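S.K.: Handing you this structure, nothing more for now.
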Amino acid sequence: MTQKQKKQITAITVFSIAFGICPAANAMHIMEGYLPVAYCIAWGVLCLPFLVTGFMKIKKTLDENRRAMTLLAISGAFIFVISSLKIPSVTGSCSHMTGTGLGAILFGPCSVSILGIIVLIFQAVILAHGGLTSLGANAFSMAIAGPFFSYGVYALCKKCNVNRRITVFLAASIGDLFTYCVTSVQLALAYPSEAGGVLASAVKFLSVFAPTQLPLAVVEGLLTAAIVICLESFAKPELKSVGYI
């Protein structure tokens, strides 16, 4: 990229982050203190292998290819911005996009676990969005499960020779939806229904998320595809360096 193009991307990123920060965010990360202590610990421990692997993978990527730093920063900023924007739901709750599909496509799902947990810590501390006690559960659903599913969809579509931009759209949107499926199961495990148990509780939580999350997933897919189109125009060498092109 030229210096002018780098400055334009930096300016857009800074503007987007500033726009994304809001004084109070009650979007559907699992909030502080909502999960029992045992579940908080269990989800946190479950995240550790992915985080260690992700850290090692990012370190190896940057050691071998410094060009990847720009794309890594854009991926992290994209996660922060669109996962910070809460969208009121018709059910009285709030939902948000995740933004993890882009990073999963470019760097693989393990790397996104590091980007995701950094974003979740900032959001919990600065925006009161999510929480530190629920950090493990939120990281597993948004920064691990969602990216892995996105990458799986991307790899499958690529193998089937689906159009690359449609592949990006499907990977990002379906990964977003899967994140909320995992969150619903997490909540259901902690608070099973007295009548129908975990399954009935998960269905109830999903029914709360669905009216808002379905259109948001489509929007996230379109935004991710648009970002990739821009990168293909202005950062083709960087995309080649990470193996996307």
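S.K.: Once both axes come from the Cα atoms, what is the angle between helix 3-20 and the longest principal axis of the chain, in degrees from 0 to 90, rounded to 10?
M.R.: Rounded to the nearest ten degrees, it is 10.
S.K.: While we're looking at this one, here's another question. Rounded to the nearest 500, what is the chain's calculated 222 nm mean residue ellipticity when only DSSP H runs of at least 4 contribute -39500 (n - 2.57) each, over all residues? If you can, show how the numbers build up before the last one.
M.R.: Values: 10 runs with 178 residues, N = 245.
Result for the chain, helices only: -24500 deg cm²/dmol.
S.K.: Please give the charge dipole size of the chain, origin at the Cα centre, charges +1 on K and R Cβ atoms and -1 on D and E Cβ atoms. Round to the nearest 20 debye. Can you show the working numbers first?
M.R.: On the way: 16 positive and 8 negative charges, 188 e Å.
For this selection, approximately 900 debye.
S.K.: Using heavy-atom solvent-accessible surface (probe 1.4 Å) with all chains present, what is the largest-first order of 69, 97, 56? Display every interim value, and only then the final one.
M.R.: Working: 69 80, 97 15, 56 125 Å².
Solvent-accessible surface, decreasing: 56, 69, 97.
S.K.: For the range 119-231, what ratio Rg/Rh do Cα atoms give with a Kirkwood hydrodynamic radius?
M.R.: Details: Rg = 15.8 Å, Rh = 15.2 Å.
My calculation puts Rg/Rh at 1.03.
S.K.: Using just the C-alpha positions of the range 171-245 as equal point scatterers, what log10 of I(q)/I(0) does the Debye formula give at each q in 0.14, 0.21 1/Å?
M.R.: Each listed q maps to, in turn, -0.58, -0.85.
S.K.: Let me ask something else. Can you compute the radius of gyration and Dmax for the range 32-92, using only the Cα atoms, both in Å?
M.R.: Cα-based Rg and Dmax for the range 32-92 come out at 16.8, 48 Å.
S.K.: Something else now. Can you give me the solvent accessible area of residue 63 with a 1.4 Å probe, rounded to the nearest 10 Å²?
M.R.: Counting only protein heavy atoms, residue 63 exposes about 100 Å² to solvent.
S.K.: Something else: Within the accessible area of the chain, what % is carbon and sulfur when the probe is 1.4 Å and the other protein chains stay in place?
M.R.: Values: 8460 of 11610 Å².
Carbon with sulfur: 73 percent of the solvent-accessible area.
S.K.: I've got another one for you. Mind checking the per residue accessible area of the range 108-198 for me, 1.4 Å probe, whole number of Å²? Mind dumping the intermediate values first?
M.R.: Working: 3630 Å² over 91 residues.
On a per-residue basis, the range 108-198 sits at 40 Å².
S.K.: Continuing with this model, one more query. On a straight-distance basis, which aspartates and glutamates could pair with residue 240 in a cross-link, Cα separation under 19 angstrom, same-chain partners fewer than 8 positions away excluded?
M.R.: Within the straight-line cut-off, residue 240 pairs with 63, 64, 232.
S.K.: Which entries of 86/158; 57/158; 57/204; 60/236; 57/236 show an alpha-carbon separation above 30 angstrom in the structure shown? Intermediate results must be reported in sequence, preceding the final value.
M.R.: Details: 86/158 32 Å; 57/158 22 Å; 57/204 38 Å; 60/236 21 Å; 57/236 22 Å.
Table pairs above 30 Å Cα-Cα are 86/158; 57/204.
S.K.: While we're here: Which angle from 0 to 90°, rounded to the nearest 10, does the C-alpha axis of helix 37-64 make with the longest principal axis of the chain?
M.R.: Roughly 10 degrees between the two axes.
S.K.: Taking Cα atoms, how many degrees apart are the long axis of helix 68-84 and the longest axis of the chain, rounded to 10 and kept between 0 and 90?
M.R.: Relative to the chain, helix 68-84 is tipped by roughly 30 degrees.
S.K.: Under 13 Å from the Cβ of residue 242, count the other residues' Cβ atoms, weight Lys and Arg +1, Asp and Glu -1, and hand me the total. Each step should come with its number before you reach the end.
M.R.: On the way: positive: 57, 60, 66, 67, 236, 240; negative: 64, 232, 238.
So the environment of residue 242 carries a net charge of +3.
S.K.: While we're here: Under a 1.4 angstrom probe, counting protein chains only, how are 194, 64, 220 ranked by accessible area, largest first?
M.R.: Numbers: 194 190, 64 135, 220 0 Å².
The most accessible residue leads, giving 194, 64, 220.
S.K.: Hey, for a label at residue 45 modelled as a point 7 Å past Cα toward Cβ, could you say which residues of the range 127-168 have their backbone N under 18 Å away?
M.R.: Taking a point 7 Å out along Cα→Cβ of residue 45, the residues of the range 127-168 whose backbone N falls under 18 Å are 133-141.
S.K.: If you don't mind, there's one more thing I want to ask. Once label points are set 7 Å from the Cα along Cα→Cβ at both residue 64 and residue 207, what is their separation, rounded to one decimal in nm?
M.R.: It works out to 4.9 nm between the two label points.
The values are calculated or read from the model by the stated rules, or taken from the named source; none is laboratory data. All values reported here derive from a predicted model rather than from experimental measurement. Note that we place each Cβ from the backbone using ideal geometry, even for glycine, and neighbour counts take in every protein chain shown. In case anyone asks, the SASA skips ligands and DNA or RNA and just uses the protein heavy atoms, side chains included. Shrake-Rupley method; radii C 1.70, N 1.55, O 1.52, S 1.80 Å.
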